[in-house]
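The values are calculated or read from the model by the stated rules, or taken from the named source; none is laboratory data. On a predicted model such as this, the values are computed, not experimentally measured, just so you know. Reconstructed Cβ throughout: ideal geometry from the backbone, glycine too, with neighbour counts over all protein chains shown. What goes into the accessible areas is simple: the full protein's heavy atoms, side chains included, and nothing from ligands, DNA or RNA. Shrake-Rupley method; radii C 1.70, N 1.55, O 1.52, S 1.80 Å.
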2 protein chains.
Amino acid sequence: MSIQARRERERAERERAIISTARDLAESEGWDAVTTRRLAAEIEYSQPVLYSHFKGKDAIMAAVAVEGFGNLADDLTTARADATDPRRTVADVAAAYVSFAERRPALYDAMFTLAVELPFASQEVPVDLARGFAQLAEALRPFAGDDDLETFTETFWSGLHGLVTLMRNGRLRRAGHERRLALLVDRFARLG
Amino acid sequence: MSIQARRERERAERERAIISTARDLAESEGWDAVTTRRLAAEIEYSQPVLYSHFKGKDAIMAAVAVEGFGNLADDLTTARADATDPRRTVADVAAAYVSFAERRPALYDAMFTLAVELPFASQEVPVDLARGFAQLAEALRPFAGDDDLETFTETFWSGLHGLVTLMRNGRLRRAGHERRLALLVDRFARLG
DNA sequence: CCGCCATCCTAGCACCGCTAGCCATCTTGC
DNA sequence: GCAAGATGGCTAGCGGTGCTAGGATGGCGG
(Lines give C-alpha, C1' and ligand atoms only; values in the text may rest on other atoms or scores of the structure.)
Protein backbone atom coordinates (compact mmCIF):
# COMPACT_ATOMS: atom_id res chain seq x y z
CA MET A 1 0.00 0.00 0.00
CA SER A 2 2.81 2.34 0.92
CA ILE A 3 4.51 1.68 -2.37
CA GLN A 4 1.42 2.59 -4.28
CA ALA A 5 1.06 5.66 -2.13
CA ARG A 6 4.59 6.73 -3.02
CA ARG A 7 3.82 6.17 -6.68
CA GLU A 8 0.74 8.29 -6.54
CA ARG A 9 2.63 10.96 -4.65
CA GLU A 10 5.41 10.98 -7.21
CA ARG A 11 2.90 11.10 -9.97
CA ALA A 12 1.13 14.05 -8.40
CA GLU A 13 4.47 15.81 -7.98
CA ARG A 14 5.27 15.23 -11.59
CA GLU A 15 1.95 16.66 -12.64
CA ARG A 16 2.65 19.74 -10.55
CA ALA A 17 6.08 19.95 -12.20
CA ILE A 18 4.50 19.87 -15.65
CA ILE A 19 2.12 22.68 -14.82
CA SER A 20 4.62 24.92 -13.10
CA THR A 21 7.29 24.29 -15.71
CA ALA A 22 4.84 25.16 -18.46
CA ARG A 23 3.91 28.34 -16.61
CA ASP A 24 7.50 29.35 -15.95
CA LEU A 25 8.50 28.66 -19.52
CA ALA A 26 5.57 30.65 -20.85
CA GLU A 27 6.30 33.55 -18.53
CA SER A 28 9.97 33.67 -19.36
CA GLU A 29 9.94 32.91 -23.08
CA GLY A 30 6.33 33.14 -24.19
CA TRP A 31 3.83 30.42 -25.02
CA ASP A 32 5.46 29.80 -28.39
CA ALA A 33 8.43 28.37 -26.52
CA VAL A 34 6.20 25.91 -24.68
CA THR A 35 6.37 22.92 -27.00
CA THR A 36 5.75 19.40 -25.83
CA ARG A 37 9.34 18.48 -26.63
CA ARG A 38 10.76 21.41 -24.72
CA LEU A 39 8.44 20.81 -21.81
CA ALA A 40 9.31 17.14 -21.70
CA ALA A 41 13.03 17.92 -21.71
CA GLU A 42 12.56 20.48 -18.96
CA ILE A 43 10.88 18.01 -16.60
CA GLU A 44 13.41 15.36 -17.65
CA TYR A 45 10.88 12.91 -19.00
CA SER A 46 9.93 11.89 -22.49
CA GLN A 47 7.09 13.45 -24.45
CA PRO A 48 4.50 10.69 -24.02
CA VAL A 49 4.60 11.12 -20.25
CA LEU A 50 2.85 14.44 -20.71
CA TYR A 51 -0.02 12.63 -22.37
CA SER A 52 -0.41 10.24 -19.46
CA HIS A 53 -1.22 13.29 -17.32
CA PHE A 54 -3.05 15.52 -19.75
CA LYS A 55 -5.15 14.92 -22.80
CA GLY A 56 -3.03 17.30 -24.83
CA LYS A 57 -1.17 20.56 -24.83
CA ASP A 58 -4.41 22.50 -24.48
CA ALA A 59 -5.20 20.66 -21.27
CA ILE A 60 -1.81 21.63 -19.86
CA MET A 61 -2.45 25.26 -20.71
CA ALA A 62 -5.86 24.97 -19.15
CA ALA A 63 -4.29 23.64 -15.95
CA VAL A 64 -1.93 26.60 -15.92
CA ALA A 65 -4.91 28.88 -16.39
CA VAL A 66 -6.75 27.28 -13.47
CA GLU A 67 -3.77 27.97 -11.23
CA GLY A 68 -3.78 31.53 -12.54
CA PHE A 69 -7.39 32.07 -11.53
CA GLY A 70 -6.41 31.15 -8.00
CA ASN A 71 -3.51 33.62 -8.02
CA LEU A 72 -5.68 36.40 -9.36
CA ALA A 73 -8.37 35.76 -6.78
CA ASP A 74 -5.73 35.91 -4.04
CA ASP A 75 -4.40 39.24 -5.31
CA LEU A 76 -7.85 40.76 -5.49
CA THR A 77 -8.74 39.47 -2.04
CA THR A 78 -5.61 41.05 -0.57
CA ALA A 79 -6.29 44.33 -2.31
CA ARG A 80 -9.82 44.49 -1.01
CA ALA A 81 -8.83 43.53 2.51
CA ASP A 82 -6.34 46.37 2.73
CA ALA A 83 -8.72 49.09 1.60
CA THR A 84 -11.09 51.23 3.66
CA ASP A 85 -12.93 53.94 1.76
CA PRO A 86 -15.43 52.39 -0.68
CA ARG A 87 -14.31 54.36 -3.67
CA ARG A 88 -10.69 53.72 -2.86
CA THR A 89 -11.47 50.03 -2.54
CA VAL A 90 -12.69 49.86 -6.12
CA ALA A 91 -9.59 51.70 -7.30
CA ASP A 92 -7.30 49.37 -5.38
CA VAL A 93 -8.96 46.18 -6.55
CA ALA A 94 -8.93 47.46 -10.13
CA ALA A 95 -5.27 48.38 -9.78
CA ALA A 96 -4.52 44.92 -8.44
CA TYR A 97 -6.29 43.37 -11.42
CA VAL A 98 -4.36 45.46 -13.92
CA SER A 99 -1.14 44.86 -12.07
CA PHE A 100 -1.67 41.12 -12.21
CA ALA A 101 -2.29 41.22 -15.94
CA GLU A 102 0.82 43.31 -16.50
CA ARG A 103 3.12 41.37 -14.23
CA ARG A 104 2.07 38.01 -15.63
CA PRO A 105 0.96 38.54 -19.22
CA ALA A 106 1.53 34.96 -20.32
CA LEU A 107 -0.50 33.64 -17.43
CA TYR A 108 -3.23 36.17 -18.12
CA ASP A 109 -3.30 35.07 -21.75
CA ALA A 110 -3.73 31.45 -20.75
CA MET A 111 -6.65 32.46 -18.56
CA PHE A 112 -8.50 34.75 -20.93
CA THR A 113 -7.18 34.63 -24.46
CA LEU A 114 -5.87 31.15 -25.15
CA ALA A 115 -7.40 27.91 -23.88
CA VAL A 116 -10.82 29.22 -24.77
CA GLU A 117 -12.96 26.22 -24.13
CA LEU A 118 -11.30 23.86 -21.74
CA PRO A 119 -11.19 25.38 -18.29
CA PHE A 120 -14.92 25.97 -18.17
CA ALA A 121 -15.74 22.36 -18.69
CA SER A 122 -14.22 21.39 -15.36
CA GLN A 123 -15.78 22.17 -12.03
CA GLU A 124 -13.03 23.90 -10.14
CA VAL A 125 -12.32 26.82 -12.42
CA PRO A 126 -15.60 28.55 -11.76
CA VAL A 127 -14.73 28.30 -8.09
CA ASP A 128 -11.54 30.37 -8.27
CA LEU A 129 -12.91 32.53 -11.03
CA ALA A 130 -16.01 33.21 -8.97
CA ARG A 131 -13.83 33.96 -5.96
CA GLY A 132 -12.03 36.69 -7.85
CA PHE A 133 -15.26 37.89 -9.37
CA ALA A 134 -16.80 38.13 -5.92
CA GLN A 135 -14.02 40.44 -4.75
CA LEU A 136 -14.78 42.79 -7.60
CA ALA A 137 -18.49 42.55 -6.90
CA GLU A 138 -18.14 43.30 -3.21
CA ALA A 139 -15.97 46.29 -3.93
CA LEU A 140 -18.52 47.58 -6.41
CA ARG A 141 -21.63 46.84 -4.35
CA PRO A 142 -21.97 50.34 -2.90
CA PHE A 143 -22.05 51.78 -6.41
CA ALA A 144 -24.30 49.40 -8.30
CA GLY A 145 -27.40 51.45 -7.57
CA ASP A 146 -30.40 50.12 -9.40
CA ASP A 147 -28.32 47.87 -11.61
CA ASP A 148 -28.01 44.16 -11.00
CA LEU A 149 -24.72 43.73 -9.13
CA GLU A 150 -23.57 40.79 -11.22
CA THR A 151 -24.23 42.58 -14.48
CA PHE A 152 -22.61 45.71 -13.10
CA THR A 153 -19.53 43.76 -12.06
CA GLU A 154 -19.27 41.94 -15.37
CA THR A 155 -19.35 45.24 -17.21
CA PHE A 156 -16.67 46.79 -15.04
CA TRP A 157 -14.60 43.67 -15.36
CA SER A 158 -14.91 43.91 -19.13
CA GLY A 159 -13.59 47.42 -18.94
CA LEU A 160 -10.53 46.26 -17.04
CA HIS A 161 -10.01 43.37 -19.41
CA GLY A 162 -10.31 45.64 -22.42
CA LEU A 163 -7.82 48.13 -21.02
CA VAL A 164 -5.34 45.40 -20.28
CA THR A 165 -5.56 43.57 -23.60
CA LEU A 166 -5.68 46.60 -25.89
CA MET A 167 -2.85 48.16 -23.97
CA ARG A 168 -0.65 45.13 -24.26
CA ASN A 169 -1.25 44.74 -27.99
CA GLY A 170 -0.22 48.29 -28.61
CA ARG A 171 -3.70 49.49 -29.57
CA LEU A 172 -3.64 52.15 -26.87
CA ARG A 173 -1.10 54.83 -26.16
CA ARG A 174 1.10 53.74 -23.34
CA ALA A 175 1.06 57.21 -21.90
CA GLY A 176 -2.55 57.45 -20.80
CA HIS A 177 -2.66 54.12 -19.01
CA GLU A 178 -3.17 55.39 -15.47
CA ARG A 179 -5.58 58.05 -16.61
CA ARG A 180 -7.73 55.53 -18.44
CA LEU A 181 -7.85 53.29 -15.41
CA ALA A 182 -8.74 56.20 -13.16
CA LEU A 183 -11.41 57.27 -15.62
CA LEU A 184 -12.94 53.81 -15.72
CA VAL A 185 -12.97 53.58 -11.93
CA ASP A 186 -14.49 57.04 -11.73
CA ARG A 187 -17.31 56.07 -14.08
CA PHE A 188 -18.24 53.01 -12.06
CA ALA A 189 -17.41 54.07 -8.50
CA ARG A 190 -19.81 56.97 -8.27
CA LEU A 191 -23.20 57.26 -6.68
CA GLY A 192 -26.24 57.87 -8.83
CA MET B 1 4.25 48.76 -71.65
CA SER B 2 0.74 47.36 -71.85
CA ILE B 3 2.02 43.88 -71.23
CA GLN B 4 3.73 44.95 -68.08
CA ALA B 5 0.58 46.74 -67.04
CA ARG B 6 -1.42 43.56 -67.48
CA ARG B 7 1.14 41.68 -65.43
CA GLU B 8 0.95 44.15 -62.63
CA ARG B 9 -2.81 44.10 -62.77
CA GLU B 10 -2.90 40.33 -62.61
CA ARG B 11 -0.47 40.36 -59.77
CA ALA B 12 -2.56 42.86 -57.86
CA GLU B 13 -5.65 40.75 -58.45
CA ARG B 14 -3.86 37.71 -57.14
CA GLU B 15 -2.81 39.59 -54.04
CA ARG B 16 -6.41 40.60 -53.47
CA ALA B 17 -7.41 36.96 -53.95
CA ILE B 18 -4.94 35.85 -51.31
CA ILE B 19 -6.26 38.32 -48.79
CA SER B 20 -9.93 37.71 -49.40
CA THR B 21 -9.49 33.95 -49.57
CA ALA B 22 -7.63 34.01 -46.27
CA ARG B 23 -10.40 36.09 -44.73
CA ASP B 24 -13.18 33.89 -46.09
CA LEU B 25 -11.43 30.75 -44.98
CA ALA B 26 -10.86 32.16 -41.51
CA GLU B 27 -14.46 33.29 -41.23
CA SER B 28 -15.89 29.98 -42.35
CA GLU B 29 -13.49 27.52 -40.72
CA GLY B 30 -11.41 29.53 -38.27
CA TRP B 31 -7.84 30.72 -38.45
CA ASP B 32 -6.52 27.23 -37.71
CA ALA B 33 -7.78 26.17 -41.13
CA VAL B 34 -5.82 28.93 -42.81
CA THR B 35 -2.56 27.15 -43.58
CA THR B 36 -0.24 28.21 -46.35
CA ARG B 37 -0.87 24.93 -48.16
CA ARG B 38 -4.62 25.28 -47.92
CA LEU B 39 -4.51 28.90 -48.94
CA ALA B 40 -2.27 28.13 -51.92
CA ALA B 41 -4.60 25.36 -53.06
CA GLU B 42 -7.59 27.65 -52.71
CA ILE B 43 -6.13 30.33 -54.96
CA GLU B 44 -4.87 27.62 -57.31
CA TYR B 45 -1.22 28.51 -57.05
CA SER B 46 1.67 26.86 -55.28
CA GLN B 47 2.80 27.76 -51.81
CA PRO B 48 5.87 29.84 -52.70
CA VAL B 49 3.69 32.28 -54.63
CA LEU B 50 2.31 33.47 -51.32
CA TYR B 51 5.80 34.43 -50.26
CA SER B 52 6.32 36.54 -53.35
CA HIS B 53 3.42 38.70 -52.17
CA PHE B 54 3.83 38.59 -48.41
CA LYS B 55 6.74 38.12 -46.08
CA GLY B 56 4.98 35.31 -44.30
CA LYS B 57 1.69 34.09 -42.95
CA ASP B 58 1.64 36.84 -40.34
CA ALA B 59 1.82 39.45 -43.07
CA ILE B 60 -1.19 37.89 -44.78
CA MET B 61 -3.14 37.98 -41.54
CA ALA B 62 -2.06 41.56 -41.06
CA ALA B 63 -3.37 42.44 -44.51
CA VAL B 64 -6.69 40.84 -43.61
CA ALA B 65 -6.72 42.87 -40.41
CA VAL B 66 -6.06 46.09 -42.32
CA GLU B 67 -9.07 45.39 -44.49
CA GLY B 68 -11.05 44.72 -41.34
CA PHE B 69 -10.19 48.10 -39.86
CA GLY B 70 -11.67 49.68 -42.96
CA ASN B 71 -14.87 47.64 -42.65
CA LEU B 72 -15.24 48.50 -38.99
CA ALA B 73 -14.69 52.18 -39.64
CA ASP B 74 -17.38 52.05 -42.35
CA ASP B 75 -19.86 50.40 -40.01
CA LEU B 76 -19.24 52.92 -37.25
CA THR B 77 -19.50 55.81 -39.69
CA THR B 78 -22.86 54.55 -40.93
CA ALA B 79 -24.14 54.07 -37.41
CA ARG B 80 -23.18 57.58 -36.38
CA ALA B 81 -24.59 59.13 -39.53
CA ASP B 82 -27.99 57.59 -38.91
CA ALA B 83 -28.32 58.75 -35.33
CA THR B 84 -29.72 61.99 -33.96
CA ASP B 85 -29.98 62.24 -30.18
CA PRO B 86 -26.47 62.37 -28.65
CA ARG B 87 -27.07 59.65 -26.13
CA ARG B 88 -28.70 57.46 -28.72
CA THR B 89 -25.75 58.05 -31.02
CA VAL B 90 -23.36 56.57 -28.52
CA ALA B 91 -25.64 53.57 -28.07
CA ASP B 92 -25.91 53.03 -31.81
CA VAL B 93 -22.22 53.32 -32.49
CA ALA B 94 -21.51 50.98 -29.60
CA ALA B 95 -24.09 48.53 -30.91
CA ALA B 96 -22.51 48.69 -34.35
CA TYR B 97 -19.12 47.93 -32.83
CA VAL B 98 -20.40 44.94 -30.90
CA SER B 99 -22.37 43.74 -33.90
CA PHE B 100 -19.28 43.85 -36.08
CA ALA B 101 -17.29 41.84 -33.57
CA GLU B 102 -20.06 39.25 -33.28
CA ARG B 103 -20.77 38.93 -36.98
CA ARG B 104 -17.13 38.62 -37.94
CA PRO B 105 -15.29 37.11 -35.01
CA ALA B 106 -12.39 35.76 -37.04
CA LEU B 107 -11.82 39.12 -38.64
CA TYR B 108 -12.06 40.83 -35.27
CA ASP B 109 -9.48 38.41 -33.90
CA ALA B 110 -7.08 39.22 -36.71
CA MET B 111 -7.48 42.89 -35.92
CA PHE B 112 -7.16 42.82 -32.16
CA THR B 113 -6.00 39.49 -30.83
CA LEU B 114 -3.72 37.90 -33.39
CA ALA B 115 -1.21 39.71 -35.60
CA VAL B 116 -0.13 41.71 -32.62
CA GLU B 117 2.79 43.59 -34.01
CA LEU B 118 2.59 43.81 -37.74
CA PRO B 119 -0.23 46.09 -38.76
CA PHE B 120 1.04 48.96 -36.67
CA ALA B 121 4.34 49.05 -38.45
CA SER B 122 2.75 50.08 -41.73
CA GLN B 123 1.30 53.49 -42.38
CA GLU B 124 -2.19 52.78 -43.52
CA VAL B 125 -3.58 50.89 -40.57
CA PRO B 126 -3.56 53.86 -38.25
CA VAL B 127 -5.55 55.67 -40.92
CA ASP B 128 -8.51 53.28 -40.91
CA LEU B 129 -8.13 52.56 -37.23
CA ALA B 130 -8.12 56.27 -36.50
CA ARG B 131 -11.13 56.70 -38.74
CA GLY B 132 -13.12 54.25 -36.66
CA PHE B 133 -11.73 55.69 -33.46
CA ALA B 134 -12.81 59.15 -34.57
CA GLN B 135 -16.40 57.99 -34.99
CA LEU B 136 -16.43 56.77 -31.43
CA ALA B 137 -14.80 59.98 -30.24
CA GLU B 138 -17.28 62.23 -32.03
CA ALA B 139 -20.19 60.28 -30.63
CA LEU B 140 -18.74 60.59 -27.13
CA ARG B 141 -17.68 64.23 -27.35
CA PRO B 142 -20.81 65.63 -25.68
CA PHE B 143 -20.17 63.42 -22.65
CA ALA B 144 -16.44 63.71 -22.12
CA GLY B 145 -16.83 66.59 -19.69
CA ASP B 146 -13.52 67.56 -18.12
CA ASP B 147 -11.83 64.40 -19.34
CA ASP B 148 -9.51 64.38 -22.31
CA LEU B 149 -11.64 63.17 -25.24
CA GLU B 150 -9.03 60.76 -26.54
CA THR B 151 -8.51 59.17 -23.15
CA PHE B 152 -12.26 59.04 -22.61
CA THR B 153 -12.77 57.36 -25.97
CA GLU B 154 -9.98 54.86 -25.40
CA THR B 155 -11.53 53.87 -22.11
CA PHE B 156 -14.99 53.40 -23.56
CA TRP B 157 -13.52 51.49 -26.47
CA SER B 158 -11.75 49.22 -23.98
CA GLY B 159 -15.08 48.55 -22.36
CA LEU B 160 -16.58 47.49 -25.69
CA HIS B 161 -13.56 45.37 -26.50
CA GLY B 162 -13.69 43.70 -23.12
CA LEU B 163 -17.39 42.93 -23.42
CA VAL B 164 -16.89 41.43 -26.84
CA THR B 165 -13.87 39.29 -26.06
CA LEU B 166 -14.97 38.01 -22.66
CA MET B 167 -18.39 37.27 -24.07
CA ARG B 168 -17.05 35.30 -26.96
CA ASN B 169 -14.71 33.24 -24.81
CA GLY B 170 -17.55 32.23 -22.56
CA ARG B 171 -16.30 34.22 -19.56
CA LEU B 172 -19.58 36.11 -19.34
CA ARG B 173 -23.12 34.83 -19.11
CA ARG B 174 -24.66 35.01 -22.52
CA ALA B 175 -27.93 36.20 -21.04
CA GLY B 176 -26.90 39.61 -19.80
CA HIS B 177 -25.23 40.72 -22.99
CA GLU B 178 -27.59 43.55 -23.93
CA ARG B 179 -27.88 44.72 -20.37
CA ARG B 180 -24.13 44.95 -19.98
CA LEU B 181 -23.83 46.95 -23.17
CA ALA B 182 -26.62 49.27 -22.09
CA LEU B 183 -24.99 49.67 -18.71
CA LEU B 184 -21.63 50.56 -20.24
CA VAL B 185 -23.24 53.09 -22.54
CA ASP B 186 -25.16 54.55 -19.63
CA ARG B 187 -21.99 55.01 -17.60
CA PHE B 188 -20.24 56.90 -20.38
CA ALA B 189 -23.10 58.71 -22.10
CA ARG B 190 -24.24 60.80 -19.18
CA LEU B 191 -23.57 64.39 -18.27
CA GLY B 192 -21.55 65.20 -15.16
C1' DC C 1 12.43 -17.34 -8.66
C1' DC C 2 9.54 -16.45 -12.50
C1' DG C 3 5.96 -14.55 -15.20
C1' DC C 4 3.06 -10.53 -15.37
C1' DC C 5 2.01 -5.85 -15.57
C1' DA C 6 2.62 -1.16 -15.46
C1' DT C 7 5.56 2.42 -16.85
C1' DC C 8 8.36 4.89 -19.81
C1' DC C 9 11.02 5.53 -24.08
C1' DT C 10 12.23 5.27 -29.06
C1' DA C 11 10.64 6.02 -33.36
C1' DG C 12 7.56 7.70 -36.44
C1' DC C 13 3.14 9.93 -38.50
C1' DA C 14 0.93 13.80 -40.59
C1' DC C 15 1.08 18.33 -40.60
C1' DC C 16 3.05 23.16 -40.10
C1' DG C 17 5.73 27.64 -42.04
C1' DC C 18 9.13 28.46 -45.10
C1' DT C 19 12.89 28.11 -48.89
C1' DA C 20 16.42 26.36 -52.29
C1' DG C 21 16.92 25.26 -56.83
C1' DC C 22 15.13 23.76 -61.24
C1' DC C 23 12.42 24.48 -65.42
C1' DA C 24 9.53 26.63 -68.66
C1' DT C 25 8.14 30.67 -70.70
C1' DC C 26 8.47 35.07 -72.23
C1' DT C 27 11.39 39.30 -73.42
C1' DT C 28 15.08 41.34 -75.35
C1' DG C 29 19.26 42.32 -78.29
C1' DC C 30 21.52 41.12 -82.32
C1' DG D 1 14.29 35.08 -86.75
C1' DC D 2 16.90 33.28 -83.29
C1' DA D 3 19.91 32.67 -79.39
C1' DA D 4 20.62 34.35 -74.76
C1' DG D 5 19.09 36.08 -70.63
C1' DA D 6 15.70 37.28 -67.18
C1' DT D 7 11.44 36.29 -64.83
C1' DG D 8 8.08 33.64 -62.49
C1' DG D 9 6.14 29.49 -60.87
C1' DC D 10 6.83 24.85 -59.56
C1' DT D 11 8.60 20.55 -57.12
C1' DA D 12 10.85 18.91 -53.38
C1' DG D 13 12.63 19.24 -49.02
C1' DC D 14 14.14 21.22 -44.27
C1' DG D 15 13.41 21.63 -39.52
C1' DG D 16 9.86 22.08 -36.55
C1' DT D 17 4.98 21.00 -34.39
C1' DG D 18 1.36 17.95 -31.56
C1' DC D 19 0.52 13.42 -30.90
C1' DT D 20 0.78 8.08 -30.81
C1' DA D 21 1.95 3.09 -31.70
C1' DG D 22 4.69 -0.46 -30.10
C1' DG D 23 8.64 -2.31 -27.88
C1' DA D 24 11.92 -2.56 -23.88
C1' DT D 25 12.57 -2.48 -18.94
C1' DG D 26 12.12 -2.92 -14.27
C1' DG D 27 9.55 -3.90 -10.08
C1' DC D 28 5.57 -6.63 -8.21
C1' DG D 29 2.66 -10.73 -6.75
C1' DG D 30 2.30 -15.64 -6.77
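Apply the a/c threshold of 1.5 to the C-alpha gyration tensor of chain B and tell me whether it is rounded, prolate or oblate.
prolate
Placing unit charges on C-beta atoms (Lys and Arg positive, Asp and Glu negative, everything else neutral), compute the dipole magnitude of the protein assembly as shown about its Cα centre in debye, rounded to 20. Write down the numbers at each step before the final one.
Values: 52 positive and 60 negative charges, 80 e Å.
Taking the Cα centre of the protein assembly as shown as origin, the dipole is about 380 debye.
For segment A:1-53, just say rounded, prolate or oblate: build the C-alpha gyration tensor, square-root its eigenvalues into a ≥ b ≥ c, call rounded for a/c under 1.5, and beyond that prolate if a/b exceeds b/c, oblate if not.
Details: a/c = 3.62, a/b = 2.22, b/c = 1.63.
Prolate shape, in that a/c is at least 1.5 and a/b is the bigger ratio.
To the nearest 10 square angstrom, how much accessible area does A:Ser46 have with a 1.4 angstrom probe?
70
What's the ranking of B:79-89, A:92-102 by average number of surrounding C-beta atoms within 10 Å, highest first? Each step should come with its number before you reach the end.
Details: B:79-89: 14.7, A:92-102: 20.8.
Put in order of decreasing packing, that is A:92-102, B:79-89.
With +1 on the Cβ of every Lys and Arg and -1 on the Cβ of every Asp and Glu, and nothing else charged, how large is the dipole of segment B:61-188 about its Cα centre, in debye rounded to the nearest 20?
That gives segment B:61-188 a dipole magnitude of about 720 debye.
Using a label point 7 angstrom from Cα along Cα-to-C-beta, what distances in nm, from shortest up, separate B:Ala41 from the other copies?
Nearest first, the other copies' label points are 3.2 nm away.
Which value in nm describes the separation of the simple spin-label points at A:Glu117 and B:Asp32, placed 7 Å from the Cα toward the beta carbon?
0.7
For A:Ala130 and B:Glu10, what is the calculated FRET efficiency with R₀ set at 56 Å and r taken between the beta-carbons, to the nearest 0.05?
0.45
With the Cα gyration tensor of the protein assembly as shown giving a ≥ b ≥ c as the square roots of its eigenvalues, does the rule (a/c under 1.5 for rounded; else a/b larger than b/c for prolate; else oblate) give rounded, prolate or oblate? Please list the in-between numbers first.
Numbers: a/c = 2.27, a/b = 1.03, b/c = 2.20.
Verdict is oblate for the protein assembly as shown.
If you place +1 on the Cβ of every Lys and Arg and -1 on the Cβ of every Asp and Glu, how big does the dipole about the Cα centre of segment A:2-64 come out, in debye to the nearest 20? Before the final figure, lay out each step's value.
On the way: 11 positive and 11 negative charges, 68 e Å.
Approximately 320 debye in magnitude.
Putting +1 on Lys and Arg Cβ atoms and -1 on Asp and Glu Cβ atoms, find which of A:Ala65, A:Ala96, A:Thr84 reaches farthest to the positive end of the dipole of segment A:57-188.
A:Ala96
Within 10 Å of each Cβ of A:103-112, how many other protein chain Cβ atoms are there on average?
The per-residue average across the peptide is 1.
Each residue of segment B:57-74 in order: what ³J(HN,Hα) in whole Hz does its phi give by Karplus 6.51 cos²θ - 1.76 cosθ + 1.60, θ = phi - 60°, with x for Gly and Pro?
4, 4, 5, 5, 4, 5, 5, 4, 4, 4, 4, x, 4, x, 4, 4, 4, 4
What percent do you get for the relative contact order of chain B when only Cα pairs under 8 Å and 6+ apart count?
Once normalised by length, the contact order is 21 percent.
Taking beta carbons within 10 Å but only from partner chains, what does the mean come to for residues B:142-149? Intermediate values should be presented prior to the final figure.
Numbers: counts 0, 0, 1, 0, 0, 6, 4, 0.
For this peptide, the per-residue mean of nearby foreign Cβ atoms is 1.
Rounded to the nearest 500, what is chain A's calculated 222 nm mean residue ellipticity when only DSSP H runs of at least 4 contribute -39500 (n - 2.57) each, over all residues?
Working: 9 runs with 143 residues, N = 192.
Calculated from helices alone, the mean residue ellipticity at 222 nm is -24500 deg cm²/dmol.
Could you check how much of the accessible area of segment B:61-188 is carbon and sulfur, as a whole percent, using a 1.4 Å probe?
Values: 2610 of 5030 Å².
Reported share for carbon and sulfur atoms: 52 percent.
Convert each backbone phi in segment B:135-140 into a coupling constant with the Karplus relation 6.51 cos²θ - 1.76 cosθ + 1.60 (shift: θ = phi - 60°), then list the ³J(HN,Hα) values in order as whole Hz, x for Gly and Pro.
Along segment B:135-140, the couplings run 4, 4, 4, 5, 5, 8 Hz.
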